[in-house]
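Chemist: Handing you this structure, nothing more for now.
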């Protein structure tokens, strides 16, 4: 479904990605783990077209999308829930959700969009309670829920989540991951999850990739990665015995 | 009120692209000239006998074209450069080109634009008078500002404009075409300016220089009211208008232009965000 071939990204001479290849199959949840600065976010930003790769191909359903501008990639069913949430703070929660469905206006009836809105409210009941509130007044966890909900409003084929745990309290992180787990079980969308909390991510994922300094270091089934001594030592905080 | 309208035009492009179209004053002038040419015979000063709807449509079209042009040929190329404030000079240059162009091709003279509502002031018992055109300006200005604000809050396209002004990259992630939204904001603000030009023409005179001072004073209003606040601009426009009226009435009409700039300096010193400037709420 999503395929990355030999992707490289440079920021003013600094190599963030140095030839990354990976693939995500329909219905899968693939976790991308790695420490700060390993290139995880750059990869997602390249996929959604915010940064331009210097080399390599990005393919969706076998079609190369490198030259498609970022706002048109969304029309291919690619939803990107950005790092640090980036909700539209001055607009209401409901407006934020409507904006998530921006591309569906004009193509689908108001009724269909309303239906998705109801689905999102069912997943995140707190958002319904506060639907008329400004998004900037929400707590970090609630903003994360809103950012995920906003991405779901597109009814995406591929959902990319960038560090949904960032800056959140452990209880809230659990809540967020419960939702991700539920999304996976419902099989409504394919998910590419970027996360520093390797253990949490591998628990919900089917497969995983470990990024290190802009390269894929290890890849495999999530369960295998959890058992891999290198991963355990570097990312799961378990010492060698 | 016209100050408020132009200030509102500054506000529109500033919110989406963080740039200000400094040629707006001269675009207003263009609106006046286009409206005049479609309505009055320049040489005799007699009406052409064309219904007033024609100049209205004329200035709307002119506004859309000029707005799109300013963005495509002045602002967009400037923003691609590394140097940060090229757009200031680029839009100022557009203003000068417009002014000189009109002087060359049309005329350097001043022309009287007869108001379609009549040129006789409505007199009150105490001798205070008001032109019907002035009432029209107030009504149309409020309608435009309220209309645009409602459009921004209630329609999905308006929300998209707000999304672009808040966070351009994230707006792209929603599938919102940011360059198109920005160009639209330029077209809208230029159209507001040409309409404003048609509105003030009967009160001032139509000439190539009618927009210059207006554009600068509207900028003062924008700063006084707060560049990001629609209602603040209306209040700022009123404050400036009243100050000018009082200065002209009680001191001397020679000092009429002063209060705007004195106010501007005071506001910048005391409240740099403007009287109604929003404080940004942001959580990290």
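Chemist: Sort A:20-26, B:75-81 for me by packing, meaning the mean count of neighbouring Cβ atoms within 10 Å per residue, highest on top.
Modeler: Highest-to-lowest ranking by the protection proxy: A:20-26, B:75-81.
Chemist: Please average, across the residues of A:86-95, the number of beta carbons from any other chain that are within 10 Å of each residue's own beta carbon, and give a whole number.
Modeler: Values: counts 6, 4, 10, 6, 10, 6, 2, 0, 1, 7.
That average works out to 5.
Chemist: What does the average come to when, for each residue of peptide B:128-138, you count the partner chain Cβ atoms lying within 10 Å of its Cβ?
Modeler: Taking the mean over all residues of the peptide, I get 0.
Chemist: Given the rule -39500 (n - 2.57) for each run of at least 4 DSSP H residues, summed and divided by the residues of chain B, what is its mean residue ellipticity at 222 nm, to the nearest 500 deg cm²/dmol? Write out the running numbers ahead of the final one.
Modeler: Numbers: 12 runs with 181 residues, N = 284.
Per the formula, -21000 deg cm²/dmol.
Chemist: For residue B:246 and residue B:180, FRET efficiency with R0 = 41 Å and r from the beta-carbon atoms, rounded to 0.05? Mind dumping the intermediate values first?
Modeler: On the way: r = 44 Å, r/R0 = 1.08.
Once the sixth-power term is evaluated, E becomes 0.40.
Chemist: Next up: Rounded to the nearest 0.05, what FRET efficiency do residue B:130 and residue B:104 give with R0 = 30 Å and r taken as the Cβ-Cβ distance? Could you check?
Modeler: Numbers: r = 37 Å, r/R0 = 1.23.
Between residue B:130 and residue B:104 the formula returns 0.20.
Chemist: Something else now. Given the C-alpha centroids of the stretch A:3-17 and the stretch B:86-116, what is the distance between them in whole angstrom?
Modeler: After rounding, the separation between the Cα centres reads 49 Å.
Chemist: So for each of B:44-51, B:234-241 I average, over its residues, the number of other beta carbons within 10 Å; can you give me the resulting order with the highest mean first?
Modeler: Numbers: B:44-51: 10.2, B:234-241: 21.9.
For the peptides B:44-51, B:234-241, the packing ranking is B:234-241, B:44-51.
Chemist: Only Cα pairs under 8 Å and at least 6 apart count here; give the relative contact order of chain B as a rounded whole percent. Mind showing how you got there, number by number?
Modeler: Values: 447 pairs, mean separation 96.1, N = 284.
Relative contact order, chain B: 34 percent.
Chemist: Just to confirm the number: angle between the C-alpha axis of helix B:156-166 and the first principal axis of chain B, 0 to 90 degrees, nearest 10?
Modeler: Approximately 70 degrees, to the nearest 10.
Chemist: I need the peptides A:32-41, B:267-276, B:8-17 ranked by packing, meaning the mean over residues of other C-beta atoms within 10 angstrom, with the highest value on top. Let's see the in-between values first.
Modeler: Details: A:32-41: 21.0, B:267-276: 14.7, B:8-17: 25.0.
Result, highest mean Cβ count within 10 Å first: B:8-17, A:32-41, B:267-276.
Chemist: Something else: Mind listing P(r) for chain B? All alpha-carbon pairs, 10 Å bins, whole percents.
Modeler: Spelled out per bin, shortest first, that is 7, 27, 35, 22, 7, 1, 0.
Chemist: Now a separate question. Give me a single rounded figure for B:154-166: the average over its residues of other chain Cβ atoms within 10 Å of their Cβ. Before the final figure, lay out each step's value.
Modeler: On the way: counts 1, 2, 10, 3, 1, 9, 4, 0, 5, 8, 1, 2, 8.
Across B:154-166, the average partner-chain Cβ count within 10 Å equals 4.
Only the coordinates and a few stated rules stand behind these numbers; no lab work does. All values derive from a computational prediction rather than experimental measurement. With ideal geometry, Cβ positions are generated from the backbone for all residues, glycine too; neighbour counts draw on all protein chains shown.
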